[in-house]
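Asks: To start, I am sharing the structure in question, which I have written as structure tokens.
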Amino acid sequence: SDEKDQVIEKFKRNIKTTKHAELEVEMKAYIDESIRLKHMLEETIKQRAMMMPDQSGLEEQFMAQNMSLQKMEEENRQLALACRGMEEEIQNLVAKLEDANKGKETKKSKQREATKWRNEATTLRNQ
């Protein structure tokens, strides 16, 4: 029985030692995993910082693009006004051309009528 007690006591110590050793191994694994995750997080933060341009640079780029857009809009307005002015000028020239063509036709018809009257007068004189 004494021997049995010693064997049981030895097993109990071995079990305690084994549990203690297992806990130490587990704790070391958690520490190693924590360190690995910390390094991964730091690397990810560095990569994102490198990928993201400077915020002030983005603001400057936005402002420059906004200024360009405003200049283009103003130029577009000026071109639209110039286009309307040219359209009006074209309409005025077309109207003048139509008036000139009417005047030519009127002059021709008057010349034809005058020739007709002369011919009649000549015919009457010769009679």
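Quick note: the coordinates plus some simple rules give every number you see, no bench work behind them. All values derive from a computational prediction rather than experimental measurement. Positions of Cβ are backbone-derived with ideal geometry, glycine not excepted, and every protein chain shown enters the neighbour counts.
Asks: Give me the count of lysine pairs in the range 1-109 whose alpha carbons sit under 26 angstrom apart, restricted to pairs 8 or more positions apart or on different chains.
Replies: 12
Asks: Is the shape of the range 19-85 rounded, prolate or oblate, going by the alpha carbon gyration tensor and its root eigenvalues a ≥ b ≥ c, with a/c under 1.5 for rounded and a/b larger than b/c for prolate?
Replies: prolate
Asks: Which angle between 0 and 90 degrees, to the nearest 10, do you get for helix 55-126 versus the longest principal axis of the chain when only C-alpha atoms count?
Replies: Relative to the chain, helix 55-126 is tipped by roughly 20 degrees.
Asks: Any chance you could list the semi-axes, whole Å, largest first, of the equivalent ellipsoid that the Cα gyration tensor gives for the range 61-123, using √(5λ)? Intermediate results must be reported in sequence, preceding the final value.
Replies: Numbers: eigenvalues 727, 4, 3 Å².
The equivalent ellipsoid of the range 61-123 has semi-axes of 60, 5, 4 Å.
Asks: Another question, then. Please give the net charge around MET40, taking every other residue with its beta carbon less than 14 angstrom from that of MET40, where Lys and Arg add +1 and Asp and Glu add -1. Could you put the intermediate results ahead of the total?
Replies: On the way: positive: ARG36, LYS38, LYS46, ARG48; negative: ASP32, GLU33, GLU42, GLU43.
Surrounding charge for MET40 is 0.
Asks: Give a residue-ordered list of calculated ³J(HN,Hα) values for the range 6-18 (Karplus: 6.51 cos²θ - 1.76 cosθ + 1.60, θ = phi - 60°; whole Hz; x for Gly, Pro).
Replies: With the stated coefficients, the range 6-18 comes to 5, 5, 5, 4, 4, 4, 4, 5, 4, 5, 4, 5, 5 Hz.
Asks: How far apart, in nanometres, would the label points at THR123 and ARG84 be if each is projected 7 angstrom from Cα along the Cα-to-Cβ direction?
Replies: The modelled label-to-label distance comes out at 5.9 nm.
Asks: Now for a different question. Can you give the helix-only mean residue ellipticity at 222 nm for the chain, where every DSSP H stretch with n ≥ 4 adds -39500 (n - 2.57) and the sum goes over all residues, rounded to the nearest 500 deg cm²/dmol?
Replies: Details: 2 runs with 122 residues, N = 127.
Calculated at 222 nm, the ellipticity per residue is -36500 deg cm²/dmol.
Asks: Regarding the chain, what is the average projected area of its C-alpha convex hull, in nm²? Don't skip to the answer; put the middle values down first.
Replies: Numbers: hull surface 80.5 nm².
Averaging across all directions leaves 20.1 nm² for the Cα convex hull.
Asks: While we're here: Please give the charge dipole size of the chain, origin at the Cα centre, charges +1 on K and R Cβ atoms and -1 on D and E Cβ atoms. Round to the nearest 20 debye.
Replies: Values: 24 positive and 25 negative charges, 336 e Å.
I would put it at about 1620 debye.
Asks: Please list 1-7, 34-40 highest first by mean number of surrounding beta-carbon atoms within 10 Å per residue. Don't skip to the answer; put the middle values down first.
Replies: Numbers: 1-7: 7.9, 34-40: 10.0.
Put in order of decreasing packing, that is 34-40, 1-7.
Asks: While we're here: Charges on Cβ only, +1 for Lys and Arg, -1 for Asp and Glu, centred on the Cα centroid of the chain; of ALA64, ILE45, THR123, which one is farthest towards the dipole's positive end?
Replies: The residue sitting farthest along the positive end of the dipole is THR123.
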